[in-house]
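One structure is given below, encoded as structure tokens.
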């Protein structure tokens with residue numbers, strides 16, 4: 001495959017010079033958001049059509065969303081968070097922590113050299129904790 005050739009155009013340079021830093025920043029953030037949504041979709045193992053079905057939309061709308069040019073409503077982003085079990089909007093909420101306490105009891109039959117069997121028990125308390133995505137009650 002041959003590498004891309006550098007293309008220069010006065011018209012293109014003029015167009016690009018008219019983009020303000022603020023507009024470029026918004027474009028960059030939209031592209032990042034689209035990439036995060038697509039990554040969450042892929043993590044769920046969903047096709048674009050499956051995401052469209054889950055959201056009650058047409059596949060063409062999902063394609064637009066993933067293009068990086070769509071201006072999302074906050075409600076759409078919240079709906080995407082619920083369906084994809086991912087976080088796209090930082091509302092300052094802390095992740096919910098789930099803690100499970102348990103008691104582990106293991107038994108093992110041990111044979112000694114003289115053929116006597118004995119039961120060896122191990123009892124130990126434990127716990128596990130993890131933080132979830134805290135996507136709310138959707």
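Quick test for you: out of 8, 50, pick the one residue that is modelled with pLDDT of 95 or more and either out of contact with any strand residue (DSSP E or B) (no Cβ under 6 Å at 6 or more places or on another chain) or closer than 22 Å to residue 138 by Cα (or both). If you could, list the steps in order and put the result at the bottom.
Details: 8 fails: modelled with pLDDT of 95 or more.
Sole residue among the options that is modelled with pLDDT of 95 or more and either out of contact with any strand residue (DSSP E or B) (no Cβ under 6 Å at 6 or more places or on another chain) or closer than 22 Å to residue 138 by Cα (or both): 50.
Regarding segment 78-98, can at least one residue be identified that is surrounded by fewer than 12 Cβ atoms within 10 Å (Cβ to Cβ) and in a helix (DSSP H, G or I)? Before you say what the answer is, go through the steps one by one.
As a first pass, look at segment 78-98 and keep what is surrounded by fewer than 12 Cβ atoms within 10 Å (Cβ to Cβ): 90-94, 97-98.
Applying the additional criterion that residues be in a helix (DSSP H, G or I) yields none.
Taking every residue of segment 78-98 in turn, none turns out to be surrounded by fewer than 12 Cβ atoms within 10 Å (Cβ to Cβ) and in a helix (DSSP H, G or I).
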Check: If you scan segment 84-138, which residues turn out to be in contact with a helix residue (DSSP H, G or I) (Cβ under 8 Å, 6 or more places away or on another chain) and modelled with pLDDT of 70 or more?
Finding: 84, 85, 86, 87, 88, 89, 138
Item checked: Residues (touching a residue at least 24 places away in the same chain (Cβ under 8 Å) and under 17 Å from residue 81 (Cβ atoms)) located in segment 47-68 -> 51, 54, 55, 65, 66
Next item on the list: Just give me the residues in segment 14-47 being at pLDDT below 95 and exposed (fewer than 10 other Cβ atoms within 10 Å of the Cβ), in sequence order.
Entry: 14, 17, 18, 20, 21, 22
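The values are calculated or read from the model by the stated rules, or taken from the named source; none is laboratory data. Nothing here was measured: the structure is a model prediction, and the numbers come from that model. With ideal geometry, Cβ positions are generated from the backbone for all residues, glycine too; neighbour counts draw on all protein chains shown.
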